[in-house]
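K.L.:
Sharing a structure below in structure tokens format, with a few things to ask.
Only the coordinates and a few stated rules stand behind these numbers; no lab work does. The structure displayed is predicted, hence computed values, not measured ones. Cβ coordinates were reconstructed from backbone atoms using ideal geometry, including for glycine residues, and neighbour counts include every protein chain displayed.
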Amino acid sequence: MIGLVLCLRAARSVLGWSQTQLATKAGISKPALNRLERFENAPRLDTVTRIQEALAEAGVRIEHRENGEFGIAINHAVVRDMAERIEAGESVTSRGKVGGVKEVKTRSITKEQMERFNKKG
């Protein structure tokens, strides 16, 4: 499940969508998406399906490969759009702009937290 959630978060970032935007497009609540992205509980299949469909419609597919790995496939239109936004100095993620580099504080997960999470799922 961790690989899937990481890909969902990465796909959202590639599109420059906020949690609110993805939740709206997927027809789910923002708190449900937030809990999923913070690894608070295992997501329902319906929730994951809705998210994957919204992302795929926007041009980013989540892949679950035969060897157990997860990945994302980004179509050419999304890459082209990102290149144009970068060139124009526009926002390319939900956190800030390219060019006016913004410092973003991130929260790391400890080994103990990861072990607790893995025991849940």
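K.L.:
Please compute the length gained on full extension between R44 and E87, using 0.36 nm multiplied by the number of residues separating them and subtracting their Cα-Cα distance. Before the final figure, lay out the partial values.
P.N.:
Details: separation 43, 0.36 × 43 = 15.48 nm, distance 3.86 nm.
In short, 11.6 nm is gained.
K.L.:
Using a 7 Å offset from the Cα along the Cα-to-Cβ direction at both R116 and S13, what is the distance between the two label points in nm, to one decimal?
P.N.:
About 2.4 nm, to one decimal.
K.L.:
Could I ask something else about it? Using the Cα centre of region 1-87 as origin and beta-carbon charges of +1 (Lys, Arg) and -1 (Asp, Glu), tell me which of A58, F39, V14 is placed farthest towards the positive end of the dipole.
P.N.:
F39
K.L.:
In nm, what is the difference between 0.36 nm times the number of residues separating H64 and I2 and their Cα-Cα distance? Before the final figure, lay out each step's value.
P.N.:
On the way: separation 62, 0.36 × 62 = 22.32 nm, distance 1.20 nm.
Length difference between fully extended and current span is 21.1 nm.
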